[in-house]
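The values are calculated or read from the model by the stated rules, or taken from the named source; none is laboratory data. Because the structure is predicted, anything quoted here is derived from the model rather than measured. Glycine gets a Cβ as well: all are built from the backbone with ideal geometry, and neighbour counts include every protein chain shown.
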Amino acid sequence: MKKIAVGILGATGVVGQDYLQLLSDHPWFTVTFLAASDASSGKSLREATLNRWNQSEKTLQQFAEMPISQLDAIESAKRACSFVFSALSSEAAQLYEESYAAAGLPVISNASYHRMAKDVPLLIAEVNPEQTAIIPVQQKNRNWTRGFIVAKPNCSLQSYMIPLFPLHAHFTLKHLIVTTMQALSGAGYPGLSSLDILDNVIPYIPQEEEKSEVEPLKIFGTIEGHEISLANGITISAHCNRVPVRDGHLACVSASFEKKPTREEAIDLIRRFRGVPQQLNLPSAPKIPIVYQEENNRPQPRLDRNRGGGMAVTMGRLRPCPVLDLRFVALSHNTLRGAAGGGILNAELLLRQGYLEES
Ligand SMILES: NC(=O)c1ccc[n+]([C@@H]2O[C@H](COP(=O)([O-])OP(=O)(O)OC[C@H]3O[C@@H](n4cnc5c(N)ncnc54)[C@H](OP(=O)(O)O)[C@@H]3O)[C@@H](O)[C@H]2O)c1
C-alpha cells in the first residue's frame, strides 16, 4: 500500500516529537508537513528543537531539515498531506483545529479543547471504536465535507479506562475512586522547575481532576440520535498528583459494580481481553492490551512503561476493596499510549473503518 502523507501540528513539543519518532518508520503513514508556533515557524526542525530535542538522533537526522510552517498555512498543509495529528496546546487547538477540519483535513487531536463536544468522538481504540459513527453527524452539523475532529482522552485515563472497560461491560461500573501519580513529561517542555519537583510530590495538576471525573463518562457513553450521551449512573472521585517520574502515569483505583465480580473473574476477564485493534491487527496495537502482573510490587513506571512498545497497560494488585468492591493499580506510558501512540492507533482504526482515505 502507498503510504499516506500526514502532518503534525505542534511538531516541536514533547508529544509532537513523539509523533516524529513513532512515524519515522510507520508502515502506513509518512510525515510531509510540520507546523508549530510563530517562535518555531520559518526554522528547520533541527533549529526549532535546538536544546529540547528529546528523541533519537536517527529520527532527528531523518527530519532535521524539514521546515516548520506557520499554523495558518492551511493551504500548504492541504497540498502536502491527507490528514493531521494535532499535538497543540489547548489554546492553539481552539484557534486552529476547526480551521483544518473545515478546510477538508481530518484532525486526530491530543488536545483537550474538543474532547467534550457532543459530536466529537473521545476515542480509545480498544474501548469505544463504535463512537466514530458520530463523524458524519459532526460533518453535517458543521458543514464540513471531508474534514472532522477526533479527540483522545486525557493522558492519565488510558491506564485505568482500558482495564475498567471489560469489567464495566460485564459487571456495570457504579463508583470509581482514582488517585493518579503522573509523570513530569505530562506537563510538556520545559515543564516544572527541578527545585519544585525533586524530593517532592505536588498534589495538584490544573484542570486534571475535572477532566478525570467527566471524560470517562463520555468514553463509556453511547450515541443517542445526533450526539454522544454521557454514561449514566457512574460517580467518580479523582485525585491527581505530579510525581518526580520522567514517563508513565500510575493510577490506584477502587471501584464498585452493580453485579459483584470476584477477584478471579475480574483477572480472567482482564487477561482474556482483546479489542478491535488487536482483531484488526493494527500496526500500533499491542498484542496484549492489558498485561496483568502477579508480583505485589508491580506495576512500576521504570520497569513497565515501555511494555508493548509503550502501548500496553500494565496492571497488578487486583484485590477486594473493603469500601468499594475491587481495587487495583494500573500504569500506562503517558506520551506513547497516552498521547502520540494513542493518536496513531486512532488514525489506524479510522483508516480501517473507512473514515480516512488511503491517499
Ligand atoms: N505530554 C503529555 O503526556 C500529553 C499527553 C496527552 C495529551 N497531551 C496534550 O498534547 C498537547 C501537546 O502537549 P505537549 O506536552 O507536547 O506540550 P508542549 O511540549 O508544550 O508542546 C506544545 C506544542 O504546541 C505549540 N504551541 C504552543 N502554544 C502555541 C500557540 N499559542 N500557538 C501555536 N502553537 C503553539 C508549540 O510550539 P513551539 O514549540 O513553537 O512553542 C509546541 O509545538 C497538549 O494539548 C497536551 O495537553 C500531552
Flag for Arg274 being out of contact with any Leu (no Cβ under 6 Å at 6 or more places or on another chain) and under 22 Å from Gly343 (Cβ atoms): yes
Residue satisfying condition, being surrounded by fewer than 20 Cβ atoms within 10 Å (Cβ to Cβ), in contact with a Gly (Cβ under 6 Å, 6 or more places away or on another chain) and not β-branched (Val, Ile, Thr), within set Arg305, Arg298: Arg298
Candidate set: region 122-138, residues that are buried (at least 19 other Cβ atoms within 10 Å of the Cβ) and not in a loop (DSSP other than H, G, I, E, B); chosen: the one nearest to the ligand (Cβ to nearest atom): Leu122
Sole residue being on the phi < 0 side of the Ramachandran plot, modelled with pLDDT under 95 and within 13 Å of the ligand (Cβ to nearest atom), chosen from Ser90, Ser86, Ser69: Ser90
Test for Gly186: is it surrounded by fewer than 16 Cβ atoms within 10 Å (Cβ to Cβ), within 16 Å of the ligand (Cβ to nearest atom) and closer than 16 Å to Asn334 by Cα: no
Residue among Asp196, Asp119 that is part of a helix (DSSP H, G or I) and either in contact (Cβ under 8 Å) with a residue 24 or more places away in the chain or surrounded by fewer than 15 Cβ atoms within 10 Å (Cβ to Cβ) (or both): Asp196
Failed condition for Arg298, given (1) of a type outside the set (A, V, I, L, M, F, W, C); (2) in a helix (DSSP H, G or I); (3) touching a Ser or Thr at 6+ places or on another chain (Cβ under 9 Å): (2)
Given (1) part of a helix (DSSP H, G or I); (2) away from the ligand (no atom under 12 Å from the Cβ); (3) touching a strand residue (DSSP E or B) at 6+ places or on another chain (Cβ under 9 Å), index of the condition Thr32 fails: (1)
Tally of residues being hydrophobic (A, V, I, L, M, F, W, C), near the ligand (Cβ under 8 Å from one of its atoms) and either surrounded by fewer than 18 Cβ atoms within 10 Å (Cβ to Cβ) or under 23 Å from the mean Cα position of the chain (by Cα) (or both) across region 36-62: 2
First in region 331-346 and under 19 Å from Trp28 (Cβ atoms) and more than 8 Å from the ligand (Cβ to nearest atom), second anywhere and in a helix (DSSP H, G or I) and β-branched (Val, Ile, Thr), Cβ under 8 Å, 6 or more apart: Ala340/Val15
Residue match in region 93-100 (condition: closer than 22 Å to Gln353 by Cα, within 14 Å of the ligand (Cβ to nearest atom) and either of a type in the set (Ser, Thr, Tyr) or at pLDDT below 95 (or both)): yes
Whichever residue in region 162-183 is surrounded by fewer than 20 Cβ atoms within 10 Å (Cβ to Cβ) and part of a helix (DSSP H, G or I) and, among such residues, is nearest to the ligand (Cβ to nearest atom): Ala169
Cβ pairs under 9 Å, 6+ apart, first in region 137-160 and more than 16 Å from Ala87 (Cα to Cα), second of a type in the set (Asp, Glu) and in a strand (DSSP E or B): Val137/Glu227
Of all residues making up region 63-92, the number that are surrounded by fewer than 21 Cβ atoms within 10 Å (Cβ to Cβ) and outside any loop (DSSP other than H, G, I, E, B): 11
Options Leu95, Leu60: the member that is among the hydrophobic types (A, V, I, L, M, F, W, C), in a helix (DSSP H, G or I) and more than 21 Å from Gly341 (Cα to Cα): Leu95
Given (1) farther than 21 Å from Val323 by Cβ; (2) within 19 Å of the chain's Cα centre (by Cα), number of the condition Asp199 does not satisfy: (2)
Region 52-70, residues that are in contact with a Lys or Arg (Cβ under 8 Å, 6 or more places away or on another chain) and β-branched (Val, Ile, Thr): Ile68
